[in-house]
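Please read the structure below before turning to the comments.
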Amino acid sequence: MFVEIDYATDSHLKYKQLAGQLDALLTGEKNRYANLSNASALLNQFFDRINWVGFYLLDEEELVLGPFQGLPACIRIPLGRGVCGTAAKTQQSIVVEDVNAFPGHIACDAASKSEIVVPLVKNGQLLGVLDIDSPELNRFTEEDRLGLEQIAQILIQHI
């Protein structure tokens, strides 16, 4: 069903390939948790040098752990707290070069050194966030932010 892909070294092209894979993988399935589970698995395969990838979903006034790949994680995050809660509250993507320098960072995995969080917003409504952690400082780039924002747009069509 799946073949190994040699993602292009061009950042724009590799995210375009990932977007096509994600859309094909999720098309036809309506279950939000199945789609988020497959999305986290695909992203885990796509990225190197990461130790956690997954989703936190909005439940009233807090984020609740959703499908993910990695070590067990924090279950509930208040809006406005930590990187995920801040990205959710502001509905803006956040790239953190050094999580220990981020005010109020929530350390679910002590190995995490950098992080990127992209809010999932559909029709102006926050659904949750995509969260990716790395054990390396400064792992994520502006190209990653732009690419993952495109991935989020595809993803929200399927959840």
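The values are calculated or read from the model by the stated rules, or taken from the named source; none is laboratory data. Model, not experiment: these values are computed from the prediction. Glycine also receives a Cβ, built like all others from the backbone with ideal geometry; neighbour counts cover every protein chain displayed. Note: areas computed on protein heavy atoms with side chains; ligands, DNA, RNA excluded. Shrake-Rupley method; radii C 1.70, N 1.55, O 1.52, S 1.80 Å.
Structural remarks
- Given (1) surrounded by 18 or more Cβ atoms within 10 Å (Cβ to Cβ); (2) in contact with a Lys or Arg (Cβ under 8 Å, 6 or more places away or on another chain), number of the condition residue 62 does not satisfy: (1)
- Search result, residues across segment 133-147 that are crowded, with 17+ Cβ neighbours inside 10 Å, outside any helix (DSSP H, G or I) and among the charged types (D, E, K, R): 133, 139
- Selection count where residues are of a type outside the set (Gly, Ala, Ser) and either open to solvent by less than 10 Å² (accessible area, probe 1.4 Å) or touching a helix residue (DSSP H, G or I) at 6+ places or on another chain (Cβ under 6 Å) (or both), scope segment 85-101: 4
- Residue pairs whose Cβ atoms lie under 7 Å apart, separated by 6 or more positions or on different chains, with the first residue in segment 101-116 and over 17 Å from residue 141 (Cβ atoms) and β-branched (Val, Ile, Thr) and the second part of a loop (DSSP other than H, G, I, E, B) and open to solvent by 70 Å² or more (accessible area, probe 1.4 Å), are 106/81.
- Among residues of segment 1-58, those that are hydroxyl-bearing (Ser, Thr, Tyr) and modelled with pLDDT of 95 or more, counted: 5
- Residue match in segment 148-158 (condition: open to solvent by 40 Å² or more (accessible area, probe 1.4 Å), touching a Lys or Arg at 6+ places or on another chain (Cβ under 7 Å) and in contact (Cβ under 8 Å) with a residue 60 or more places away in the chain): no
- Residues of segment 31-58 satisfying the condition of being in contact (Cβ under 8 Å) with a residue 12 or more places away in the chain and surrounded by fewer than 14 Cβ atoms within 10 Å (Cβ to Cβ): 33, 49
- Test for residue 107: is it over 22 Å from residue 11 (Cβ atoms) and exposed (fewer than 14 other Cβ atoms within 10 Å of the Cβ): yes
- Residue within segment 50-63 that is assigned to a helix (DSSP H, G or I) and out of contact with any strand residue (DSSP E or B) (no Cβ under 7 Å at 6 or more places or on another chain) present: no
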